[in-house]
Amino acid sequence: VQPNLLLTQVKLIKVVLPSDEFQTLTEKIIKFAYSKIEQSKQNYLQAEDLLLSDLGLKDWQPTEETVAVKSFAESFLSCDRLDAEYYQPKYDQVEEVIKNCGFLYHNLGSLIEPIQNGFDYREYTEKGTPYIRVGDVKNGQINFESAVKIPITMADVDKPVGLQVGDILFTRKGSFGNSAVVTELEVNGIISSEIMLVRLTSASKKEVLPEYISLFLNSKFGYLQVERRVHGVAYYSISQPDLANLLIPILPKPQQQNIVEKINSSFSLKLKSKQLLEIAKTGVERAIETDEATARAWINQQLEALGINLSNSN
């Protein structure tokens, strides 16, 4: 039975009202936190905009035409697909525009080690190893805190899916097509069977950055290629060979680094927003448990540690 809270019960919740001065301080922190979230979103959009602009693909839009005429040799004999959706003109167009954008391009499979599917486990516990599922990979990041826990470690997993910094996680089922790069925070996690582990080879790391690959996969040019290849009845999924066949255009390394700086700035702002909201919440709790003066002193200490001065913030 799902738990629920009645409206009549909500009315009975007691709310502590601190002084107007303390409420104003808390309001400033929260508003500043939300401004950082908006900046974070804008920086990520700017990273994708920079990616597409550098590739000369910013203004490209797929055709709305849905009819394509193909011979049997051009369809089933060439790719073993008979479903009409696969042959929509927009899918041919997106691959052609990548090939003709003026930059070197590779199949993803030529840049990476063999793709690995994650590990299937269904018993969740309150404590244990974070288990990263499809819903934990979104907006270019891995939400490690939302991951459920499982009572095993990587030593108990009989698949080569131990995470390393720089690995790319790609959702292959359900909400397919989302990717994110593993950081130091997530290396102790275990990925579910609905996620693919994509790892650049030592040679390709000299040519391409994992954050660049992930951002391209999350762009419309990555998504349309994935959308073409997914298949299934109860749910859509993409296979390892199909993922390996995606086309990836390669910008010069300095341009990739500029894009990655935007991505990192976005994630840094998002983290700072999260820290600010935690400071506001904990500050209120301290004011209730002790007194406002003690809480204010703690808040100021935490803001100073983050290098934030609310009086001249923008």
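The values are calculated or read from the model by the stated rules, or taken from the named source; none is laboratory data. Just so it is clear, the model here is predicted, and its values are computed rather than measured. Note: ideal-geometry Cβ built from the backbone for every residue, glycine included; neighbour counts use all protein chains shown. To get the accessible areas, we keep the full protein, side chains included, count just its heavy atoms, and leave off ligands, DNA and RNA. Shrake-Rupley method; radii C 1.70, N 1.55, O 1.52, S 1.80 Å.
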Subject >> Surrounding net charge for residue 151, when Lys and Arg each add one and Asp and Glu each subtract one, Cβ distance under 11 Å >> reply: -1
Original post:
Rank 196, 154 by accessible area, highest first, at a 1.4 Å probe radius?
Top reply: 154, 196
Subject >> For the range 187-194, 3J(HN,Hα) per residue [Karplus equation, 6.51 cos²θ - 1.76 cosθ + 1.60, θ = phi - 60°, Hz, x = Gly/Pro] >> reply: 5, 8, x, 10, 8, 6, 5, 8
Original post:
So what's the angle, to the nearest 10 degrees on a 0 to 90 scale, between helix 89-99 and the longest Cα principal axis of the chain?
Top reply: 90 degrees
**OP:** Could you pull out every residue, at least 5 positions away or on a different chain, whose amide H is within less than 5 Å of the one on residue 167? Hs are placed 1.01 Å off N in the peptide plane, and Pro or chain starts have none.
**Re:** 182
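What part of the accessible area of the chain, given as a whole %, is carbon or sulfur when the probe is 1.4 angstrom? Write down the numbers at each step before the final one.
Working: 9220 of 17620 Å².
That share works out to 52 percent.
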**OP:** Be a star and scan the range 181-217 for residues whose amide nitrogen sits under 15 Å from the point 7 Å along the Cα-to-Cβ vector of residue 253.
**Re:** 201-212
Original post:
What is the chain's relative contact order, in percent, from Cα pairs under 8 angstrom and six or more apart in sequence?
Top reply: 24 percent
Original post:
Using modelled backbone amide H atoms (1.01 Å from N, in-plane), which distant-in-sequence or interchain residues come within less than 5 Å of residue 191's amide H?
Top reply: 119, 132
Subject >> Label-point gap, in nm, between residue 235 and residue 122 - each point 7 angstrom along Cα→Cβ >> reply: 1.2 nm
**OP:** Can you tell me the 0 to 90 degree angle between the C-alpha axis of helix 20-55 and the longest principal axis of the chain, rounded to 10?
**Re:** 10 degrees
Original post:
Roughly speaking, what is the stretch gain from residue 294 to residue 139, that is 0.36 nm per residue apart minus the C-alpha to C-alpha distance, in nm to one decimal?
Top reply: 52.0 nm
**OP:** Report the residues of the range 225-256 in range of a label on residue 107: point 7 Å along Cα→C-beta, backbone N strictly under 12 Å from it.
**Re:** 241-248
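Once the Cβ-Cβ distance between residue 99 and residue 264 is put in as r, and R0 is 25 Å, what FRET efficiency do you end up with, to the nearest 0.05? The partial results should precede the final answer.
Values: r = 30 Å, r/R0 = 1.19.
It comes to 0.25.
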Subject >> On Cα atoms only, tilt of 253-289 relative to the major axis of the chain in degrees >> reply: 30 degrees
**OP:** Note the direction-averaged projected area, equal to a quarter of the hull surface, for the Cα convex hull of the chain, in nm².
**Re:** 22.3 nm²
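Suppose R0 equals 25 Å. What FRET efficiency, 1/(1 + (r/R0)^6) with r the Cβ-Cβ distance, do residue 165 and residue 38 give to the nearest 0.05? Display every interim value, and only then the final one.
Working: r = 28 Å, r/R0 = 1.14.
Efficiency at R0 = 25 Å is approximately 0.30.
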Subject >> Estimated distance in nm for a label pair at residue 185 and residue 23, the labels positioned 7 Å out from Cα along Cα-to-Cβ >> reply: 3.3 nm
Original post:
Most mobile of 212, 235, 44 per a Gaussian network model of the chain (Cα springs, under 10 Å)?
Top reply: 235
**OP:** Using the Karplus curve 6.51 cos²θ - 1.76 cosθ + 1.60 with θ = phi - 60°, work out ³J(HN,Hα) for each residue of the range 105-113 in order, rounded to whole Hz, and write x for Gly and Pro.
**Re:** 9, 9, 6, 3, x, 7, 9, 10, 6
